[in-house]
Amino acid sequence: MKKICICVLLVLFVFCQSAQAGSISQHFTGSWFNPNQNGHGISLEVLDDNRVVFYWYIYNPDGTPTFLIAIGEYEGGTITATAYHHTGMTWGVFDEDDVVQTVWGELQLVFSDCNNVTLNYSSTHGRTDIPYGDGSIPMVRLANVLRNQCQYNRAAGIYRGYLETDQADSAQGATLLMSQEGDFVAWVDDHYAVFGRYGVNEAESGEFRLDQQAPNLLYRFDQPGGQPQNLSTNGSMSPEYAITIEEWRAGSDQARTGEFYAIDALYRDGLDFSMWAGLSLAEEFVSGETGYIDVWPSDGKLNLSGTMGNEGCSISGSLTPSDPLFDMLHAELTLTGCAEMNGTYTGLGIQMEAYQFGDGLRLVMFVHNGSYPFALNIVRY
């Protein structure tokens, strides 16, 4: 995969769509068709080394069904392939010596993005008993491969790893949430949280950076209510796979390094709100306070309302997916009756299985209000 340099210094923020128009990846694998010509279409497989194979299911001039097999390569957003037509093999016999292979012609797929493509075709065989001619057909995506759906920002995802210094036993486990819209949350277990923005510009050496025009705030759990610090870091990234941190520094702290790997199966599992209706257990990670939260889905989002602790701290808010095909939620919570913690909090959340409770789900969200971090774990069982 293409390396992406992370440079989180005082530089201008550029956010572009990293799986931009014309950047073919394995996530383009799937089925494609023209809704106005229902009855024919393409099954595409993106392979290693810029190779592809796809099948165009069509009809002979006499109306009997047939298909073409196309083998080719891609560059940028264009696939160029030679197509073959086969006849002769008898059903039930399957004798390969009976197969007649005809070089049908050339096919080209030109993608404008990961959901739209134009098929250009031109036959060269000279026969009239099999499909022939030339032309262009616009197509749209019909189906994705499970957990292989296409996204416009390849850097987005859920990453898990560690940060450490050169001292022994200094490793700190951490989770990174990176939304398709550029929101960034780093949750360093039992230590601190970072909320900010990130951007990717693959067109210019693949730079990945935190947005220095927006605050990238680091909250220390052992300094509640303290002034958050700005985070700076640099390293490298392979989108959808791994992040290597070469320097992670907050204020005058000793610099840390780290490795993070994408939890792709979780991120691409999508969202299922069907089980969320009723009272759920809740725990706040920083304070350890527990309580009960009523959760209910409506209008494509999850609504929350409940209390935490013994002091009557009330929580209300909602979790909204930007794309239900991916496990990432935009969280907005309001705390009242919670003393200095009162206010509106924003951040990110994810949905995952609650293995310790058997066949259940849990929501984990990381939010802040500019003065305090807040992390809520809600378990539905």
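The values are calculated or read from the model by the stated rules, or taken from the named source; none is laboratory data. Predicted model only: the values in this text are computed from it and were never measured. Positions of Cβ are backbone-derived with ideal geometry, glycine not excepted, and every protein chain shown enters the neighbour counts.
Which pairs do you get when a residue that is in the same structural domain as Glu73 (by TED's automatic domain parsing), found in the stretch 90-115, comes within reach of a residue that is among the basic types (Lys, Arg), reach meaning Cβ atoms under 6 angstrom, with the pair 6+ apart or on two chains?
Qualifying pairs under 6 Å: Asn115/Arg141.
Among the residues of the stretch 334-348, which ones are loosely packed, with under 15 Cβ neighbours inside 10 Å and free of Cβ contacts under 8 Å to residues at least 60 places away in the same chain?
Thr336, Gly337, Ala339, Asn342, Thr344
State the number of residues belonging to the stretch 53-68 that are surrounded by fewer than 17 Cβ atoms within 10 Å (Cβ to Cβ) and of a type in the set (A, V, I, L, M).
The qualifying residues number 1.
State all residues of the stretch 256-303 that are within 23 Å of the chain's Cα centre (by Cα), assigned to a strand (DSSP E or B) and among the charged types (D, E, K, R); if no residue qualifies, say none.
Answer for the stretch 256-303, where residues must be within 23 Å of the chain's Cα centre (by Cα), assigned to a strand (DSSP E or B) and among the charged types (D, E, K, R): Glu259, Lys301.
Give the stretch 290-330 a look and list any residue that's more than 27 Å from Gly182 (Cβ to Cβ) and touching a helix residue (DSSP H, G or I) at 6+ places or on another chain (Cβ under 8 Å), or say none.
Hits for the stretch 290-330 are Glu311, Cys313.
Hey, could you check the stretch 356-371 for residues that are out of contact with any strand residue (DSSP E or B) (no Cβ under 7 Å at 6 or more places or on another chain) and at pLDDT 85 or above and say which is surrounded by the fewest Cβ atoms within 10 Å (Cβ to Cβ)?
If we take residues in the stretch 356-371 being out of contact with any strand residue (DSSP E or B) (no Cβ under 7 Å at 6 or more places or on another chain) and at pLDDT 85 or above, then Gly370 is surrounded by the fewest Cβ atoms within 10 Å (Cβ to Cβ).
Which of the residues spanning the stretch 251-290 are at pLDDT below 80, out of contact with any strand residue (DSSP E or B) (no Cβ under 8 Å at 6 or more places or on another chain) and farther than 28 Å from Leu304 by Cβ?
Hits for the stretch 251-290 are Ser252, Asp253.
So that you can scan it fast, the table gives a plain yes or no per residue for (1) surrounded by 15 or more Cβ atoms within 10 Å (Cβ to Cβ); (2) under 24 Å from Leu363 (Cα atoms); (3) free of Cβ contacts under 8 Å to residues at least 60 places away in the same chain; (4) touching a Ser or Thr at 6+ places or on another chain (Cβ under 9 Å):
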position	(1), (2), (3), (4)
Ser238	yes, no, no, yes
Trp248	yes, no, no, yes
Ala255	yes, no, no, yes
Asp272	no, yes, no, no
Trp276	yes, yes, no, no
Ser287	yes, yes, yes, no
Gly291	yes, yes, yes, yes
Ser314	yes, yes, yes, yes
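Report yes if Ile263 is in the same structural domain as Thr233 (by TED's automatic domain parsing), in contact (Cβ under 8 Å) with a residue 24 or more places away in the chain and not hydroxyl-bearing (Ser, Thr, Tyr), otherwise no.
Against the criterion (in the same structural domain as Thr233 (by TED's automatic domain parsing), in contact (Cβ under 8 Å) with a residue 24 or more places away in the chain and not hydroxyl-bearing (Ser, Thr, Tyr)), Ile263 qualifies.
Can you name the strands (runs of 3 or more DSSP E) wholly within the stretch 138-229 that have at least 1 residues being within 30 Å of Ser371 (Cα to Cα) and at pLDDT 80 or above? First the steps, then the outcome.
Numbers: elements: 157-164, 172-178, 183-188, 192-201, 207-210, 217-220.
Output list reads 157-164, 172-178, 183-188, 192-201, 217-220.
From the list Asp323, Asp327, exactly one residue is part of a loop (DSSP other than H, G, I, E, B), acidic (Asp, Glu) and surrounded by 21 or more Cβ atoms within 10 Å (Cβ to Cβ). Which is it?
None of the others qualify; the one that does is Asp327.
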